[in-house]
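Single-structure report; data block below.
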Amino acid sequence: MEKVKAFGMTNQIITEELQHIGSKFSIDLGHLPKRGDTVEAEYYPQFSAAIRAEAASMGEHYEAFYCLEKTIRALVAETLKTAEGSDDWWNSARIKPDIKRHVQETIQREVDSGVTRRSPDELDYTTFGELSNIITSNWDVFGALFDSQKAVERVMANLNTLRGPIAHCTALAEDEVVRLRLAVRDWFRLME
C-alpha cells in the first residue's frame, strides 16, 4: 500500500511540475486534455489572456487543495465511523453542536436558494477550520494516526490560511506556492 501511495504522490508531483513549466513558459506540453466545452469555447476567449494564464497556473493549486481537502474529509469520516462503530457518527457527541448548527444553516441556505445540494453528507458542509476542530477535539481517536496534536493544529492552520487565496480566486505569490507544496507534504508527513 505504501508503494502505491508513493507512486501516486510521485506522479502528482511530476504532473504539478509539468503544469508549472507549461504555465511559466506558456506552452502546451500535451499531457492534459483539451478544453472542449461549448460554454468555454464561447465565453472563455472573452477573458483577457493575462487572466486566463493566471487561472491556468492557479488551477494546479486548486486541484492539489481539492484533493487534499477531500482526502482529509474521507479520513475524518472513516476514523469516526470506526470509532463509533456506525455510519451515524455525525449525530454522535463527537461533533460539537456549533458545527452541526453551522452545517444545518448552510444546507438550509442552499435549499432556500433553489440550487442542487452539493452533497448528502454533512461533513462536506464543514469549513476547513471545522475539520481541524473535529480532528483535535477527537484526539482520543485521531491521536493514533498522528504523532502530535500541536503539529496537526499548526499544519491545518497553515493550510487554512493558504486555502483563502485559492478559494477566492486570488493568485498565490511565488513564496506561497512553495509554502503550499510544503504544507501538503507536511500533512502527509504527519501520518508517517
Legend entry - segment 50-61 residues that are under 14 Å from Glu17 (Cβ atoms), paired with ones that are among the aliphatic types (A, V, I, L, M) and surrounded by 13 or more Cβ atoms within 10 Å (Cβ to Cβ) (beta carbon under 7 Å, 6 or more apart): His61/Ile166; His61/Leu172; His61/Val177; His61/Leu180
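Just the residues that are on the phi > 0 side of the Ramachandran plot and assigned to a helix (DSSP H, G or I), please, taken from segment 163-192. Steps first, answer last, please.
First, pick out the residues of segment 163-192 that are on the phi > 0 side of the Ramachandran plot: 169.
Those that are on the phi > 0 side of the Ramachandran plot and assigned to a helix (DSSP H, G or I): none in segment 163-192.
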Inset, instruction - Go through Asp124, Asp147 for me and flag whichever is surrounded by fewer than 17 Cβ atoms within 10 Å (Cβ to Cβ) and at pLDDT 95 or above. - result: Asp124
Inset, instruction - Write out, first by first residue and then by second, each pair whose Cβ atoms fall under 7 Å of each other, whose residues are 6+ apart or on separate chains, and whose first residue, in segment 127-139, is over 11 Å from Val76 (Cβ atoms) while the second is not in a helix (DSSP H, G or I) and not β-branched (Val, Ile, Thr). - result: Ser137/Lys96
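The values are calculated or read from the model by the stated rules, or taken from the named source; none is laboratory data. Nothing here was measured: the structure is a model prediction, and the numbers come from that model. Neighbour counts run over all protein chains shown; Cβ positions are idealised from the backbone, glycine included.
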